[in-house]
Amino acid sequence: MYFYHSNQSNMPYNLLKGKKGIIFGALDEKSIAWKTAMRCHEEGAELLLTNAPVAMRMGEINKLAAAVNAPVIPCDVSSNEDVLNLITKAMEHFGGGVDFILHSIGMSLNVRKGKPYTEIDYGFNAKTLDISAMSLHRVLATAMKLDAINEWGSVIALSYIAAQRVFPDYNEMADAKALLESVSRSFGYHYALKKHVRVNTVSQSPTRTTAGSGVKGFDGFINYAEKMSPLGNASSEDCANYCVTLFSDYTRMVTMQNLFHDGGFSTVGVTEPVIDQMEK
Ligand SMILES: NC(=O)c1ccc[n+]([C@@H]2O[C@H](COP(=O)([O-])OP(=O)(O)OC[C@H]3O[C@@H](n4cnc5c(N)ncnc54)[C@H](O)[C@@H]3O)[C@@H](O)[C@H]2O)c1
């Protein structure tokens, strides 16, 4: 097999030929969901795109919809009705169930309002956890109820290593990611038994997107991660490629995992570039 670097053009392998999927969270061209939708399309998948109504008003998603030939259905993932409507419409559109779902959603109200972690507003916090983590449960529970995911389907939610280690400015999103990873494990158990559906989280390197850049001190953060990762930070294109493999039939027995996609960052104690920096 020929492996290409993310800078080189992608060579499709038809890994997702005949598969149908729902992609949550493509806001603009920088979004991990945007890149993943493009790669899934190139690999032969049929897609349906969705985002929060407020995000869709920016209109960018229509460009992606045209590029990947997919309908767009608005859905605020904190609303039971919206999620039910989305999954119902997706089944109507595809004439049955889907084979994969990408949950690429994050929102911290306390970060937005500039509240430090030690002084968070609990009302905002409840909303953050609902949008960023429990929404995965809502999507899976709705899909299970409507039998909307086909046998051996694959669901991925995007996470970050702040779920395991402290990154002070990641704020309440660290707790949201810990909850997200837990929901993925817990629901993954039930969906595996019910329909061989696998559920995993991909823990991605810091990436320059709208959500990513919202984290205080992001430039220092991303440069540090780059120096601490023997392969360097994983790009959003690399993340999209990884998601394609996880949606494909080549990873059918992988479930209930938090999969680090971070150039080695999560296993490193220190690197020479960081030691050099500290000796200056
Ligand atoms: N960028 C990074 O550094 C990084 C690193 C690791 C993990 N992640 C995760 O990747 C995922 C995608 O983020 P991104 O970096 O591509 O940024 P992004 O800003 O492009 O995507 C976040 C998406 O969440 C959507 N969203 C927010 N509230 C919503 C709601 N109520 N209903 C439906 N959708 C809603 C936004 O509209 C947006 O499309 C997030 O889970 C994020 O935490 C990002």
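The values are calculated or read from the model by the stated rules, or taken from the named source; none is laboratory data. Note that this is a predicted model, so its numbers are computed, not measured. Cβ sites come from the backbone with ideal geometry, for glycine too, and all protein chains shown count toward neighbours.
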Practice problem: Using the structure shown, decide if Ala33 is under 27 Å from Arg252 (Cα atoms), away from the ligand (no atom under 14 Å from the Cβ), touching a residue at least 40 places away in the same chain (Cβ under 8 Å) and in a helix (DSSP H, G or I). | Solution: no
Quiz prompt | Contacts under 7 angstrom Cβ, first residue in the stretch 40-54 being within 11 Å of Lys17 (Cα to Cα) and part of a loop (DSSP other than H, G, I, E, B), partner among the polar types (S, T, N, Q) and modelled with pLDDT of 95 or more, 6 or more apart | solution = Glu43/Asn14; Gly44/Asn14
Exercise. Name the single residue, out of those in the stretch 158-180 being within 13 Å of Ala211 (Cβ to Cβ) and not in a helix (DSSP H, G or I), that is farthest from the ligand (Cβ to nearest atom).
Key: Asn171
Self-check item: Subset of the stretch 55-74 (residues that are away from the ligand (no atom under 11 Å from the Cβ) and part of a loop (DSSP other than H, G, I, E, B))
Solution: Gly59, Asn69, Ala70, Pro71, Ile73
Quiz item: Looking only at the stretch 196-235, which residues are in contact with a Phe, Trp or Tyr (Cβ under 8 Å, 6 or more places away or on another chain), at pLDDT 95 or above and in a helix (DSSP H, G or I)?
Solution: Ala225, Met228
Quiz item: Is it true that some residue in the stretch 247-254 is aromatic (Phe, Trp, Tyr) and within 18 Å of Thr36 (Cα to Cα)?
Solution: yes
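Filter the helices (runs of 4 or more DSSP H) completely within the stretch 78-146 down to those with at least 2 residues that are at pLDDT 95 or above and touching a Leu at 6+ places or on another chain (Cβ under 7 Å).
In the stretch 78-146, 80-94, 122-129, 135-146 are the helices (runs of 4 or more DSSP H) which contain 2 or more residues that are at pLDDT 95 or above and touching a Leu at 6+ places or on another chain (Cβ under 7 Å).
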Practice problem: Considering every residue within the stretch 166-183, establish whether at least one is crowded, with 22+ Cβ neighbours inside 10 Å, within 21 Å of Gly263 (Cβ to Cβ) and hydroxyl-bearing (Ser, Thr, Tyr). | Solution: yes
Quiz item: Can we say Thr118 is within 15 Å of the ligand (Cβ to nearest atom) and farther than 27 Å from Ala45 by Cα?
Solution: no
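Let's see how each residue does on (1) farther than 22 Å from Phe247 by Cβ; (2) in contact (Cβ under 8 Å) with a residue 60 or more places away in the chain; (3) surrounded by 18 or more Cβ atoms within 10 Å (Cβ to Cβ):
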residue	(1), (2), (3)
Ser154	no, yes, yes
Ala157	no, no, yes
Ile161	yes, yes, yes
Arg198	no, no, yes
Ser203	no, yes, yes
